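What follows is a short report on a single structure.
The values are calculated or read from the model by the stated rules, or taken from the named source; none is laboratory data. Being a predicted model, the structure only gives us computed values, none of them experimental. All Cβ positions, even for glycine, are placed from backbone atoms using ideal geometry, and neighbour counts span all protein chains on display.
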Amino acid sequence: MVDSALSTALAEPSPIAPDVPVEQQSRGRGGPWRGETFRWAMVTVLGVVAGYAAVLLANPRHFYTDDSESQYTPLWIMFGRALRSGHLPMLVPEQWMTGNYSQEEAGLFNPPQLLIDLIAPSVNNLALLDTVVKLIFAIVAALGVYRVCLVYRARAPWAAVAGIAFPLTGWFLFFDEASWVTSLTGTAWMINAWASAVRYARGKSGPIPVFVFLYLAISVEYVFPAVESALMLVAVAVGELVYRRAWRSVARLTAVAVCAGLAGLMTYLPSMLSAKVSWRGNSQINNDMFLTVPWSESLNASLPSTLPAFTSWWGYIQPLPMTYIAWFLIPVLAFVDWRKARAAWQEFTAAALFAIMFLMWAAGPGTVGPLRWPARVLPMVALGLLILVCVLVGRFGTTRDWRNRCVAAAVLIAALWVRTFSADPHDVVWHLLSVVVVAALGAVAVWLGRTRGTAAAAVLTIVAMFPIAYGQVRSVQPTPMSWNLPAYRSDAKAAFPHFAGTTIQLGDRGLLQPNDKSIEGAYGSLVFGNYARDLELSYVNGYTPNGHYWFGDMLCMRWDASVCPDAYRRLFAPEPSTGRTLVDLLKLDRVVLQKAMFPDVGEQPAPDGWKWADYPGHERYIWVLEREDGLLSTVNGRVADAHDVTATSLSESDTTSRVRVSSAEGGRVVFARLGWPGYRATLNGHALPITTVSKSILAVNIPAGTSDAELEVSWRPPGWKICIGTAIAGLVGLGLLQWAHIRTRRRDDSADSPEREPAEAIS
């Protein structure tokens, strides 16, 4: 199928002659330009599919690894089951530190994400689910790059080259697509927002596409695409001002961006207002050099063997080609007619500024408030450079004086080899082989460009990407990122004990050995990350980048639900202000202990009120403590302790507890709820102050003389009323902008308007 599409592209040569300016080509709505545009858009789609196929041949689980398997996909399962039952789980109290989804990366208000959630529970093979979802968003991202290149008037073949190359760039392929799916989805929407923003600024489209793409980028609930979108809009605005002095257009674009930001405020305001109790609750700016990328490494973009040198989880020399962009990116600069390009430099301001801003960000500082690990913006460096280079080549590429240009290309390749060898001198043979491959591919591309034209050179450039991607992925197997969690949910559920009620696990993922990471091994008995959501079990343990600081400190619980060995003592020690153990205040029914962490604890007497339970077939990995009197989590709602108060649960939901209370002398009710900001309490409709036990567990003081009163404790995301107001304001503003756009279009249509630019074919 891919070969057929590429053959069609070759059989119908580009209508753009190699040295004829784009402005002089046919622009008719139904003419050759429109046909070529859609033909190469199809090539872009099929090219992304082929790229994914090459990667999957090298590693069938490439797109189901690390955070995708341990964090995001289990959330899709959990949210899908909840949505099918008719509610949106913004808060799940039994999950404690991980249960406040107003500040997790859940995409609560992102419609495409909610659609994925709805579908997810019907898919048994989670690796297949992840791969298909990511392929769809990779296509969205590639078409976005294609659209951006077209709005800057690149030739369609080179716009397709840029679009197909982007999903195969180093960091994006090995991290965002393999692991951090919210970065993939947010980036895909942001790129399309870029294309629509330029079209809107130039009067070729309305404000709605810009608003929709920006809102989708913001509402994935991952802060990087939101910030990247803001910087993209700055680059577009500056570009339009430099190129066209279009102050009114920039003002309109700013207005629609503000509307999208107002609508998307609900995604981040609750998290910001909860930051004071979370791990991310500071706004410090630090430079710890972790995942900060020197500029020289960021520009080492065209040798497939590149293994850059900077500090990360794996030391100084990286095992993955994180800074790789595309094999042609640097050498092809030798085939740009720079004299003509200089005459049109204003048109490239936006792409150049975008690349420069993110190149500087990648070099540090290491932490700016919630934004940490600058290497995460390497895809933005790749995006800016791909667009800039492919637009330059697509508009000003030439093979005239080809011998001198080939010498210049050879010098550029040699410089790349020097930089790559300097970073990783141990793989000199592999680097030399990369030089030979890139030089040979470049020579053939130049020959095709001279003899067969632009389309032929572009097709070779595209086809060469696939074996390179295969080789890069294959060379790093086994991947250093995989948790190797089970892909088939049915197999995992069948192997795992059916634990009723609410369970907490005390263990450390770091104690797992490689041969433990299977259903037959530890994953038949232990959960880490969000694995319990795959199993449809209620566990305190989960994966969170935004955990509750004091709860985590209380049980020394980390982001992946691992704990320290002292957690067992802490769990059964009396809490000073109540005299109750934490295991009672949390209303836990079961404690699972990892034998590798607690090898002898099962041979000791069980704590009072508890017993050691036998689960045949699981003795290798776990000890299990269960209550002698059955489940506690089902008794009296979420009332965990009532001191000098009679408290009887009336009703419970995830966000609300209603309790009948009486207290002659005054007392306190403690709830099995984590004291996140957003809780309020009323007694017979009158507000009461909220407090906490151990800075973590929700409590309410009951005044003396209370008799048979109704206490209601309810939670809403902090700032939710403000968010509703700003969302309405954003939609109203969008309506006004669309009304103004329609009026302008009608007025322009009534007069003789200039013909549209070729990029209009892709809306």
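See the values below:
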{"item": "Candidates A160, A188, A197 - the one that is within 14 Å of the chain's Cα centre (by Cα), modelled with pLDDT of 95 or more and part of a helix (DSSP H, G or I)", "result": "A188"}
{"item": "Residues within region 267-310 that are in contact with an Asp or Glu (Cβ under 9 Å, 6 or more places away or on another chain) and in a strand (DSSP E or B), tallied", "result": "2"}
{"item": "For L168: the one exception among (1) surrounded by 24 or more Cβ atoms within 10 Å (Cβ to Cβ); (2) touching a Leu at 6+ places or on another chain (Cβ under 9 Å); (3) closer than 16 Å to N59 by Cβ", "result": "(2)"}
{"item": "Subset of region 545-580 that is within 19 Å of V92 (Cα to Cα) and charged (D, E, K, R) - its residue that is surrounded by the fewest Cβ atoms within 10 Å (Cβ to Cβ)", "result": "R558"}
{"item": "Failed criterion for T634 (all others in (1) surrounded by fewer than 19 Cβ atoms within 10 Å (Cβ to Cβ); (2) under 30 Å from W279 (Cα atoms) hold)", "result": "(2)"}
{"item": "Selection within region 657-681 - closer than 15 Å to L698 by Cα and surrounded by fewer than 15 Cβ atoms within 10 Å (Cβ to Cβ)", "result": "R680"}
{"item": "Every pair of residues 6+ apart whose Cβ atoms lie under 6 Å, when the first sits in region 577-591 and is at positive phi while the second is among the small types (G, A, S)", "result": "K587/S633; K587/A640; K587/A672"}
{"item": "Elements of type helices (runs of 4 or more DSSP H) in region 465-565, at least 2 residues being more than 18 Å from D67 (Cα to Cα) and not charged (D, E, K, R)", "result": "489-495, 549-555"}
{"item": "Selection within region 80-110 - more than 24 Å from A260 (Cβ to Cβ), of a type in the set (A, V, I, L, M, F, W, C) and either crowded, with 22+ Cβ neighbours inside 10 Å or touching a residue at least 40 places away in the same chain (Cβ under 8 Å) (or both)", "result": "L91, V92, W96, M97"}
{"item": "Residue in region 211-227 that is surrounded by fewer than 24 Cβ atoms within 10 Å (Cβ to Cβ), in contact with a strand residue (DSSP E or B) (Cβ under 7 Å, 6 or more places away or on another chain) and of a type in the set (V, I, T) present", "result": "yes"}
{"item": "Boolean, V198 is over 26 Å from A301 (Cα atoms) and β-branched (V, I, T)", "result": "yes"}
{"item": "Region 542-560, residues that are within 22 Å of L625 (Cα to Cα) and in contact with a strand residue (DSSP E or B) (Cβ under 7 Å, 6 or more places away or on another chain)", "result": "F551"}
{"item": "Residue within region 330-350 that is in a helix (DSSP H, G or I) and under 30 Å from F290 (Cβ atoms) present", "result": "no"}
{"item": "Residue selected from region 490-507 under the condition touching a strand residue (DSSP E or B) at 6+ places or on another chain (Cβ under 7 Å) and over 12 Å from Y621 (Cβ atoms), by the criterion surrounded by the fewest Cβ atoms within 10 Å (Cβ to Cβ)", "result": "G501"}
{"item": "The listed residue being surrounded by fewer than 21 Cβ atoms within 10 Å (Cβ to Cβ) and at pLDDT 95 or above, out of A230, A235", "result": "A230"}
{"item": "Subset of region 342-380 (residues that are touching a Lys or Arg at 6+ places or on another chain (Cβ under 8 Å) and crowded, with 20+ Cβ neighbours inside 10 Å)", "result": "P370"}
{"item": "Residue match in region 604-625 (condition: touching an Asp or Glu at 6+ places or on another chain (Cβ under 7 Å), among the small types (G, A, S), in a loop (DSSP other than H, G, I, E, B) and surrounded by 18 or more Cβ atoms within 10 Å (Cβ to Cβ))", "result": "no"}
{"item": "Single residue of region 674-694 satisfying the filter (in a strand (DSSP E or B) and among the hydroxyl-bearing types (S, T, Y)) that is farthest from the chain's Cα centre (by Cα)", "result": "T682"}
